[in-house]
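Report on the structure given below.
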Amino acid sequence: MILSKSVIAPSDAQRSRWNHDDFRRQKAVVKQFTERQQSTPYLIGPPNAGGFSVLKNIEYEDRLPLNATVARLSSFESLRLLPVVRNALYGRALRQLDEKRPSAIQALAIQKMMRLPPPTNLHKMKVKLKSYLLAAETGSGKTLAYLLPLFSMLKEEELQNAPAVWHLPERPYIRSIILVPTAELVQQVLVQVKDMCHDIKLASAGLSQESTRGVADGIRKKQIDILVATPVPLLKLIHRTSWNILEDCRKIVVDEADSLMDRSFKDETQEILDTPPRLETLVFCSATIPKTFDRTLAQKYPDMERIIAPHLHQIPRRITFSTVDTAAKPFFNDKRKALAETLYNLDRSDTDPGKVKRIVIFVNHRESVSGIVEYLNGLKIFTVGLTRDNSLEERSSLMREFIRPTPLLKDAKDLNLVTGSVKTLRVLVTTDIFSRGIDMQSVRTIILYDVPFSSIDLIHRAGRTGRMGRRGRVILLATKSELRPWLRGLATTINKGYALV
């Protein structure tokens with residue numbers, strides 16, 4: 001396998017997009033980094049160019065002060081959580097971890113969001129909206145960062161307002177909502193919510209585009225503390241209900257918020273946010289802050305409290321990044337040949353001995369998936385494809401194989417059926433349907449078959465590995481026509497811990 005950090009000169013089309021003097025100035029900026037600065041993980045790395053660069057630049061001064069707060073809040077006991085929530089955290093969410101310490105975003109979010117106790121007589125009061133932005137790198141535990149305060153706030157409200165508000169058998173309600181962009185994320189978040197709610201004694205439900213009409217209508221008759229939903233079916237349910245079904249909803253979390261507030265979902269999401277008459281807490285959660293998303297938040301919620309982890313927009317240092325120059329020998333711009341050689345090398349590597357090696361390949365277009373799957377299976381490399389064309393049941397079944405703990409080779413019966421020489425690999429080819437929020441702790445290697453459209457796509461695709469302290473690798477395949485000037489320093493930018501813009 002040939003790994004290269006070199007870049008071919010920009011094409012004529014790109015020269016027309018960028019002034020040559022500007023490009024030279026960009027290179028000069030890179031040279032101005034001193035060795036001392038390059039060891040500082042918060043500085044913005046070599047400048048990107050063109051449409052790839054879409055992220056808001058988070059200044060160094062805005063990141064550094066957070067370290068002292070994170071260091072001070074080094075245990076969950078130092079955070080204001082109800083004992084029943086803390087016990088469920090240890091007994092459920094963290095039961096398989098040896099080290100039970102909050103991540104940076106968890107410490108910061110809980111400390112900021114749990115400063116004040118809930119008001120009494122909640123059913124009669126209209127409380128001023130408190131809005132938050134939780135932003136942290138992929139794999140940093142953002143889901144728990146908003147779930148733990150949410151659980152504690154809901155239980156505190158019950159303790160203070162139970163006689164007047166909650167547990168009335170004839171009165172259905174929805175107390176809080178977690179919005180996510182896909183049915184897969186509804187399933188994933190709901191599993192975690194239900195697991196902890198079993199001990200905390202809160203009721204939860206899920207609603208997505210895959211839910212039946214009966215499931216949706218049944219929600220109107222239930223007492224639900226936490227509803228995990230995608231926007232469109234929830235909005236349809238709101239429109240079909242003769243009363244305001246969100247009358248008692250005081251808290252909303254918008255997960256993967258940069259996606260739910262972009263053009264695809266923005267109108268539906270905002271209509272949901274405007275529906276509760278007494279919304280008290282609004283949380284936006286994201287691994288990236290695109291410039292357009294930042295402007296939207298500034299306009300709609302100027303008083304929002306921004307809780308930004310120190311390493312936002314960085315690919316974690318535990319992930320190694322490399323580039324395969326497919327224009328070089330022996331590939332001669334044959335990307336499929338380069339992909340096969342990369343997989344053969346991974347099969348022969350001594351990482352994870354005795355275990356199945358799970359690999360996810362990302363492409364930009366779903367039309368590319370079937371051809372790559374057929375090609376790799378023809379080489380006796382066990383490969384499956386996943387796109388929107390698969391049903392939710394099919395997608396869930398395929399994803400389950402890449403989410404569950406890594407099996408030993410001797411236990412992987414499906415791989416033992418492969419008659420070729422590649423015995424250790426299980427490969428999934430997919431698009432960005434699989435790049436957001438899905439927790440693939442057992443995936444060590446990500447291959448970017450296509451150059452991502454933007455720095456956002458790169459962060460989310462790379463973020464499927466190296467999660468919660470685990471190591472991973474990302475390999476980018478690039479042909480001569482795909483290589484761009486900003487790729488010159490991309491591997492260095494990522495491997496030295498610089499933030500992307």
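No lab work stands behind these numbers, since they all come straight from the coordinates. Just so you know, these numbers come straight off a predicted model, no measurement behind them. Reconstructed Cβ throughout: ideal geometry from the backbone, glycine too, with neighbour counts over all protein chains shown.
If you take every residue apart from V360 with its C-beta less than 9 Å away from the C-beta of V360, what net charge results, scoring Lys and Arg +1 and Asp and Glu -1? Display every interim value, and only then the final one.
Details: positive: R358, R461, R464; negative: none.
Local net charge: +3.
Tell me which residues come under 5 Å, amide H to amide H, from H311 once H is placed; ignore anything under 5 positions away on its chain.
Amide H to amide H, under 5 Å and 5 or more residues apart or across chains, H311 pairs with E137.
For the pair V84 and K480, what calculated FRET efficiency results from E = 1/(1 + (r/R0)^6), where r is the Cβ-Cβ distance and R0 = 60 Å, to the nearest 0.05?
Working: r = 59 Å, r/R0 = 0.99.
Once the sixth-power term is evaluated, E becomes 0.50.
If you plug each phi of the stretch 218-227 into the Karplus form 6.51 cos²θ - 1.76 cosθ + 1.60 with θ = phi - 60°, what whole-Hz ³J(HN,Hα) values come out, in order, with x for Gly and Pro?
x, 4, 5, 9, 10, 9, 10, 7, 9, 10
Treat each spin label as a single point 7 Å out from the Cα along the C-beta direction, and report the L94 to S322 distance in nm.
Roughly 3.6 nm, to one decimal.
Take each of the peptides 296-307, 430-441, average the number of other beta-carbon atoms within 10 Å over its residues, and list them starting from the highest. Don't skip to the answer; put the middle values down first.
Working: 296-307: 14.1, 430-441: 20.8.
Those peptides, ordered most packed to least, come out 430-441, 296-307.
Take peptides 353-363, 233-243 and line them up by average Cβ neighbours within 10 Å, highest first, as a rough protection proxy.
Values: 353-363: 20.2, 233-243: 14.9.
So the order, starting with the most tightly packed, is 353-363, 233-243.
Using amide H atoms built in the peptide plane, which far-off residues or other-chain residues are under 5 Å from V324 H to H?
The answer is S4, L476, L477, A478.
Mind listing the long-range amide H neighbours of E280? Cut-off is under 5 Å, sequence gap 5 or more, other chains count too, H placed in the peptide plane at 1.01 Å from N.
Under 5 Å from the amide H of E280 lie the amide H atoms of K251, each far enough along the sequence or on another chain.
Which of the listed residues, T465, G497, L483, is farthest toward the dipole's positive end in the stretch 457-501, when Lys, Arg count +1 and Asp, Glu count -1 at the beta-carbon?
Final value for the positive-end residue is T465.
Which FRET efficiency, nearest 0.05, do E156 and E374 yield, Cβ-Cβ r, R0 56 Å? Intermediate values should be presented prior to the final figure.
Values: r = 55 Å, r/R0 = 0.99.
Step by step, r from the Cβ atoms, then E = 0.50.
Highest mean first, how do 142-153, 382-393 rank when packing is the count of other Cβ atoms within 10 Å averaged over residues? It would help to have the intermediate numbers written out before the result.
Numbers: 142-153: 24.4, 382-393: 16.8.
Output ranking for 142-153, 382-393: 142-153, 382-393.
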